[in-house]
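Data block below; observations after.
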């Protein structure tokens, strides 16, 4: 019964509903932009909503088990401030700063600032002589570090699944493509919260005793935001590198937060490291991607693949963004019209000569059926 009532907290938190609403908005905006640039959408607009929890529930289950089994106690004040920061991040579409490594330190900083302004006695950050229990900061630091690890895994494994291309004009007046990634992930985690002010206005809130304290279980909707624009690199290469770097930051945060049980100030070092490291990572990749040439730009020897429609002949042939199609049914192609005309030479069986990322020629062929897309399901420039 306590667990069921604790789960009810998920539905009482506005962040849960904001995440659902703005996942829908993300899908709508993405489809609208794709139709604007290519007159067709790549993936249906409900994909962001479907992936909101379906891609994270295993991680949520693992983190919940770790949280309860390890007895990671988190102060209710921390969760309240964190909910506010998450809500602001979601509503303002600040998903480039949606990492727990960024949102959590902001929440902690505001909480400590408010504690100081209210003249709480014996405020000493490094000795944790606060009105809040030291273990709540350490437990929160460990959980946030684990969430950053999950963020890195999600980016590496799922970050490129809803890539959305955009057309831009180069300095030479040609059309080139960039790729945008913008995602929200909801990770509901069962947390242990010390009983403080909550029972005063929720007398039926379930509690249990652990050691000398009384605690309750709360299913908290942690939200991870991710945004990246790839111009100089292809999504298939830049996203895994980005995810691996985030994963490393998360592991360092977990290690420092665990050390906080012995050296209390190290948990704050973990928050500072995560904050600076994660922001620095976004800045580094942002500058790197803005510099240099477009990875997906027109080529004189063929047409560049900007996007591949799901369940299309192009996807079944293994064609990917950034490859160059040189010949179709033996005919050289340099634009969309020539591609279409070359397909009609043998509309039942299509043969392609493709130049991959490494400059190597691949041969692909596929039987074309009546219901298949007339351009093989390709977006090209």
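Data overview
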item: Residue match in segment 182-199 (condition: closer than 17 Å to residue 227 by Cβ, within 21 Å of the chain's Cα centre (by Cα) and surrounded by fewer than 19 Cβ atoms within 10 Å (Cβ to Cβ)); result: no
item: Only one of 267, 263 that is modelled with pLDDT under 95, assigned by TED's automatic domain parsing to the domain that holds residue 159, outside any helix (DSSP H, G or I) and more than 25 Å from residue 47 (Cα to Cα); result: 263
item: Some residue of segment 39-50 being surrounded by 17 or more Cβ atoms within 10 Å (Cβ to Cβ), under 27 Å from residue 181 (Cβ atoms) and in contact with a strand residue (DSSP E or B) (Cβ under 8 Å, 6 or more places away or on another chain); result: yes
item: Residue 310 in contact (Cβ under 8 Å) with a residue 60 or more places away in the chain and surrounded by fewer than 18 Cβ atoms within 10 Å (Cβ to Cβ); result: yes
item: Residue match in segment 200-219 (condition: modelled with pLDDT of 70 or more and within 21 Å of the chain's Cα centre (by Cα)); result: yes
item: Selected residue (only one of 376, 352 is under 26 Å from residue 166 (Cα atoms), surrounded by 16 or more Cβ atoms within 10 Å (Cβ to Cβ), modelled with pLDDT of 90 or more and in contact with a strand residue (DSSP E or B) (Cβ under 8 Å, 6 or more places away or on another chain)); result: 352
item: Candidates 307, 322 - the one that is outside any strand (DSSP E or B), at pLDDT 90 or above, closer than 22 Å to residue 230 by Cβ and touching a helix residue (DSSP H, G or I) at 6+ places or on another chain (Cβ under 9 Å); result: 322
item: Verdict on residue 239 being touching a strand residue (DSSP E or B) at 6+ places or on another chain (Cβ under 9 Å), assigned to a helix (DSSP H, G or I), assigned by TED's automatic domain parsing to the domain that holds residue 108 and at pLDDT 95 or above; result: yes
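The values are calculated or read from the model by the stated rules, or taken from the named source; none is laboratory data. Keep in mind that this is a model prediction, so the values were computed, not measured. Quick reminder, even Gly has a Cβ in these numbers, built from the backbone with ideal geometry, and neighbours come from all protein chains shown.
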